[in-house]
Each structure stands twice: as structure tokens, then as C-alpha cells.
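Peer 1: Here it is, the structure, as C-alpha cells.
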Amino acid sequence: MDSSLPSETPTAASTVTPGLERPQYLLELDVNYTAKTARVHEVITYPNWTGETLNNLVLAVEPNLWSGGFSLASATANGQPVTNYTIENMNQRLEMQLPQPLPPSATLTLELYYSLVLPQMQAYVNASNDIRPQIYGYSDKQVNFVDWYPMIVPYIPGQGWVLHNPWYYGEHLVYDLADFDVTVIFPGGANPKVAASGEEVPPLPTTTPEGIVHHRYLLEAGRTFALSMSEHFKIAQQTIGDVTVYSYYFGLYDAPGEAMLQTTVEAIQTYSQYFGPYRHKTMTAVQGDFNDGMEYSGLYFISRDYFNLYDGTPKNYLVIIAAHETAHQWWFDAVANDQALEPWLDEALSTYSERIYYESVHPDMLDWWWGYRYFEFQNAGYVDTSIYDGGGQRPYWDKVYLTGARFFEDLRKDVGDEIFFRFLKDYYTQSAGKRVTGADFFRVFHANTAADITDLLVQYFKNTY
Ligand SMILES: [Zn+2]
């Protein structure tokens, strides 16, 4: 998958599914909306494009970070029971020994049955007052399924499985590209509105004579499939070209809910023009009942706090963060990176994309954006900082997001608009669907210009590129 995908159709083993480029996730999520529990049937069809024979698999199981949050009932690999596996209480790592080794180019079908007990959403605070907001779980008016299913983590030949530890701030997961076919079932009369990463496909929500509601969603070539449910959602939508954009917000928030929709539409148009086309059929923005914004594939959340602060103009964090989270569809979903070790690749570029949004859509507010976004800004350190050496949440943001955006501004000044935007488009075109590193980023940059940026690299980066 990703950059290591061979161009010819593999024929090496009998288990090959012809033409399977990337993993497929078939998920049936049976939600007990009252009890805040779920049962899941998951089938992962995993083509081994690592070039190595795999004897084990490592899956990220985020629901198991909560005690009792995840219970595996059964697992089979190509029909054979998987009995040798380890998963520790309150640990995300599920390691399975395969009953048979999986040769290069062969395909594995992993079938799992498990149950989930959702945690109540709450923010975690460490000794330094760093707040890790919790998005997965339920509040009194929202249920969020994010990183809710076991996911086979990327495998880097020669290095192994890529699964980093969670941290108080920043994201730690790294994703391969995958296709998703997700069915959500509500037995027992519950029928909340559902915001989802994918496109809802017919038959549109069906209710059986027994009162069971089914929804089915498809997402092609995404990173992660998120769902948000609420009986309190209102929905606004708009179509641009062949993309439908949705805004899910709570009642009494019509003005910010519409502003979230409008900003997302404008941002998709802006980024499509400057970077390249949006890759999915739907884009869904959701008001989160927690304190943060967060990106997923084809879906993002914006904090309830930014809704409360909305003042009817584009000069506020609701619009800034909507432009930022929309940019993550280019820099996170399409062009993926190691979010824990090289977060600048998606965060600095998504922050700088806010600048491109304002200069394109609200040019008279560009100076305001620089001033407002940087009001607390300190030139705190290197852009290529990992989440683990950020030195606290605010310094981490200052380094990766804001110093990162300043780096992009200086880079643009150095080479001029024409080369800068030609480079961004080329970088997106070459990298969409792949996972990139800082070295890839600068390789594409240098292919677009002979400009010497040594001074900038020394000023902003601790690694040598
Ligand atoms: Zn971000």
C-alpha cells in the first residue's frame, strides 16, 4: 500500500484478492444507544504489501485505553482461530500471532467479534495542566465513535509495526490508506441523527418491522472512519460540484452552524484551487460536545466553545478552526504523515492553510488573522518537534503550528508565490494517498526550485534535510 504498492497485479499466493490495493474494513456496529454499549463484527481484508513475510499483526485498539472498554469475543485469520494474542488492560496494543505466516503479496481475512463499553467524555489534565480532550465516548447529548475499531497499524519494512504511545496533547496514531463499508444498527427504538465519515448509501435509513434502524456508509481511500450521533442535531447542507457538505450542530446554534457550513464550503473551494481536488464525496462538519477541534477522514469536529464565542463575523475561532480542520482533508487524510513524530507536516501546513483561506475569501481580514492567531505567540523552538518533546501543550502549539506557519510564510517570501504554490500543488499531487516524511517534503520542494533555503532550514528545523 501507500508508496510501496507494486504496479502489477500480484499472483504469488492463492489467497490473493486480485486488484486489492489496500486494506478493506467491513464494520457492523450494533449500538445500544441507551446503555452506551455496542457490539461489533469486523472483517479486515489485508493485502500484505510490506514485501516481508508477516508472522504477527499489531492492531491499535483505542477503546481499550479505558478499563473494560473493549472485550474481544473471537478472532479468526483466514478462517482459523487466533488463540495466541496479547492485549493488556488500558493499553491500545493488540498483538496477534498468525496461525499461518502471511507471505508477501498474499491477502489475509481477519474476522473479529467484540463489544465496546463507551466512556463518558471528559478532559484529562496532567500535572503540567496539559489537557487531553476526550472525543471518543458519550456526553448527555452526543455519542462519538472515533478510532473505535481495531486497526492494523502501518508496517515499515526493516522497522516493523508503527504504533506510538498516546500523549497528553497531539495525535499519536499513524494510518494506512483503507476502504470502509460501515453499517450502523440501532435496535430498540433509538434513532439518533448520525454524522459519518462516508457517504450514506441506499437503502437510506431503513426501519424493520421490529423497529431496528440501519444506516450504511462507504468511504474509499480514507484513513479512519468516524461517527457522531445525537438526537439533538440539526443539519444544514450544501452541494459544490459532486461533493455534499454537511453541518451537524445542536439546536439554538443556527448562526454558527451555518457559518461552519459556509466556511467549509469556501475552504474546500480554496484548497481545491491551490492544492488539488478534494477526494471524497461528502464532507461533514460536526459540533463537538467537548473542548477541541479534531480531524478525521471526511469529517471534523469543532468545539462547543467556539460555537458559543461566534460573533456573526469571520473574525473568530469558529471560522479559523473550520478552515484549519477542512485543510486536514489535504494534510492528514490525503497526504498522511507520522502524527506523533512529525506532526508539523499536517499541523503547520493546516495552520498556514488558514492564511490561504483568509487571503482568498476574506482578504481584508488577513492582517487581523496574523495578529489574532499570534497574540500569544512566542518563537518557542523548532518546527520539527515531536508530540513527546513539545514541552507542554502551549509550547507545542507555538513550535509546530505557529512557528510552522511562519516558516511557510518565509519559504513563500523566499521563492515567490508562483513557485511556492506550484510546489504545494506538486507536493499534494505526488503525495495524495501516501504517507510522507519531512525528507519527502523537501525532496519535492527542491525538485521545484533551485533556491537555496539553507538559512531557513537552520532557523526552523533541528533535523537536517
Ligand atoms: Zn490541526
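Peer 1: Across region 90-122, which residue is farthest from residue 392 (Cα to Cα) among those that are open to solvent by 60 Å² or more (accessible area, probe 1.4 Å) and not in a strand (DSSP E or B)?
Peer 2: 90
Peer 1: Which ones in region 170-214 are more than 16 Å from residue 25 (Cβ to Cβ) and part of a strand (DSSP E or B)?
Peer 2: Listed by number, the residues that qualify are 185, 186, 193, 194, 195, 200, 206, 207, 213, 214.
Peer 1: Still on this structure, please answer the following. Given the condition closer than 25 Å to residue 165 by Cα and acidic (Asp, Glu), answer yes or no: does some residue in region 81-104 qualify?
Peer 2: Yes: one or more hits.
Peer 1: Tell me, please, whether a residue that is part of a helix (DSSP H, G or I), touching a residue at least 24 places away in the same chain (Cβ under 8 Å) and either more than 14 Å from the ligand (Cβ to nearest atom) or open to solvent by less than 10 Å² (accessible area, probe 1.4 Å) (or both) can be found in region 241-256. Please lay out each step first, then the result.
Peer 2: Pass one, region 241-256, residues part of a helix (DSSP H, G or I): 254-256.
Cutting the leftovers down to touching a residue at least 24 places away in the same chain (Cβ under 8 Å) gives us 255-256.
Filter once more, keeping what is either more than 14 Å from the ligand (Cβ to nearest atom) or open to solvent by less than 10 Å² (accessible area, probe 1.4 Å) (or both): 255-256.
Scanning region 241-256 turns up at least one residue that is part of a helix (DSSP H, G or I), touching a residue at least 24 places away in the same chain (Cβ under 8 Å) and either more than 14 Å from the ligand (Cβ to nearest atom) or open to solvent by less than 10 Å² (accessible area, probe 1.4 Å) (or both).
Peer 1: Just to verify a result, which residue in region 262-288, among those that are touching a Phe, Trp or Tyr at 6+ places or on another chain (Cβ under 8 Å) and in a loop (DSSP other than H, G, I, E, B), is most open to solvent (accessible area, probe 1.4 Å)?
Peer 2: Restricting to residues being touching a Phe, Trp or Tyr at 6+ places or on another chain (Cβ under 8 Å) and in a loop (DSSP other than H, G, I, E, B), the top hit is 278.
Peer 1: Say we look at region 154-169 and pick out the residues that are assigned to a strand (DSSP E or B) and of a type outside the set (A, V, I, L, M, F, W, C); which of these is surrounded by the most Cβ atoms within 10 Å (Cβ to Cβ)? Please lay out each step first, then the result.
Peer 2: Taking region 154-169 as the starting set, the residues that turn out to be assigned to a strand (DSSP E or B) are 155-156, 160-161.
The next check asks that each one be of a type outside the set (A, V, I, L, M, F, W, C); those that pass are 155, 160.
Working: 155: 21, 160: 14.
That would be 155.
Peer 1: One residue is enough: does region 321-341 have a residue meeting the conditions away from the ligand (no atom under 14 Å from the Cβ) and in a helix (DSSP H, G or I)?
Peer 2: Checked region 321-341: no residue is away from the ligand (no atom under 14 Å from the Cβ) and in a helix (DSSP H, G or I).
Peer 1: Take residue 380 and decide whether it is away from the ligand (no atom under 13 Å from the Cβ), touching a strand residue (DSSP E or B) at 6+ places or on another chain (Cβ under 8 Å) and over 18 Å from residue 267 (Cα atoms).
Peer 2: On the way: away from the ligand (no atom under 13 Å from the Cβ): yes; touching a strand residue (DSSP E or B) at 6+ places or on another chain (Cβ under 8 Å): no; over 18 Å from residue 267 (Cα atoms): yes.
Answer is no for this residue.
Peer 1: Here is a follow-up. Quick check: anything in region 198-220 under 19 Å from the mean Cα position of the chain (by Cα), more than 20 Å from residue 41 (Cα to Cα) and crowded, with 23+ Cβ neighbours inside 10 Å?
Peer 2: Checked region 198-220: no residue is under 19 Å from the mean Cα position of the chain (by Cα), more than 20 Å from residue 41 (Cα to Cα) and crowded, with 23+ Cβ neighbours inside 10 Å.
Peer 1: Quick check on this structure: which one of 45, 83, 50, 76 is surrounded by fewer than 14 Cβ atoms within 10 Å (Cβ to Cβ) and either of a type outside the set (A, V, I, L, M) or closer than 17 Å to residue 225 by Cα (or both)? Outline the logic, then answer.
Peer 2: Numbers: 45 fails: surrounded by fewer than 14 Cβ atoms within 10 Å (Cβ to Cβ); 50 fails: surrounded by fewer than 14 Cβ atoms within 10 Å (Cβ to Cβ); 76 fails: surrounded by fewer than 14 Cβ atoms within 10 Å (Cβ to Cβ).
It is 83.
Peer 1: With the condition being open to solvent by 80 Å² or more (accessible area, probe 1.4 Å), out of contact with any His (no Cβ under 9 Å at 6 or more places or on another chain) and closer than 30 Å to residue 223 by Cα, I'd like the helices (runs of 4 or more DSSP H) fully within region 374-458 carrying at least 2 qualifying residues.
Peer 2: Numbers: elements: 393-396, 404-415, 417-431, 438-448.
Hits in region 374-458: 417-431, 438-448.
Peer 1: What number of residues in region 290-314 are within 15 Å of the ligand (Cβ to nearest atom) and outside any loop (DSSP other than H, G, I, E, B)?
Peer 2: Here the count works out to 9.
The values are calculated or read from the model by the stated rules, or taken from the named source; none is laboratory data. Source: prediction; values computed, not measured. Note that we place each Cβ from the backbone using ideal geometry, even for glycine, and neighbour counts take in every protein chain shown. The protein model used for the area step is the full one, side chains on, heavy atoms only, and it has no ligands, DNA or RNA in it. Shrake-Rupley method; radii C 1.70, N 1.55, O 1.52, S 1.80 Å.
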